[in-house]
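Note sheet for the following structure.
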Amino acid sequence: MHGDIYVSLSIEESINILQEWVEKKGNFVRKIGKNIIDKCMIDFGEGKKAVIIIIEYYTWRNSNQMTATIVMDNAEGNTKIHITVGGSSQGLIFSYDYGAGESLESNLKSLFQCYEIKEMR
């Protein structure tokens, strides 16, 4: 699952959706498993911005510790969202994420799916 998503939201609205997902109420174990560890906004002037958000994510099912880096920018008009996930499980010899990285990327992209646009403006 690679590729950028273009959405009809502003960068600020996109950040709010991501923030709500991180802070979403759920059971206690789920709540402590994700956290925004850094956010950096760059203003290029004339309404053009970029934001980089790093999320730490832990799944208890198979002890996967991952990070997701989300880059959002509106340099081309619409907000572009790029998601990269990295990390793995704890293993004595091999460290493999058992599909958790792809699942996290898919979950993050699904947050914006209903706002996705196919044609650029």
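What distance in nm separates the two pseudo spin-label positions at S8 and K48, each 7 Å out from Cα along the beta-carbon direction?
Result: 2.5 nm between the two label points.
At a probe radius of 1.4 Å, what is the per-residue accessible area of T67, in Å² to the nearest 10?
Spelled out: T67, probe radius 1.4 Å, area about 60 Å².
Quick check on my link table: of K24/K118; K49/K109; K34/K118; K24/K48; K80/K109; K24/K49, which ones sit more than 22 Å apart, alpha carbon to alpha carbon?
Long pairs (Cα-Cα over 22 Å): K24/K118; K34/K118; K24/K48; K24/K49.
Report Y115's accessible area, 1.4 Å probe, all protein chains in place, as a number in Å² to the nearest 10.
Result for Y115: roughly 80 Å² accessible.
Arrange the residues D43, D4, D73 by how much accessible surface each exposes, largest first, with a 1.4 angstrom probe.
Ranked from most to least accessible, the order is D43, D4, D73.
Give the ranking of K118, K49, K39 by solvent-accessible surface, highest area first, calculated with a 1.4 Å probe.
Ranking K118, K49, K39 by accessible area, largest first, yields K118, K39, K49.
The values are calculated or read from the model by the stated rules, or taken from the named source; none is laboratory data. Just so it is clear, the structure is predicted and the values come from calculations on it, not from any experiment. All Cβ positions, glycine included, derive from the backbone under ideal geometry; neighbour counts span all protein chains shown. Note: areas computed on protein heavy atoms with side chains; ligands, DNA, RNA excluded. Shrake-Rupley method; radii C 1.70, N 1.55, O 1.52, S 1.80 Å.
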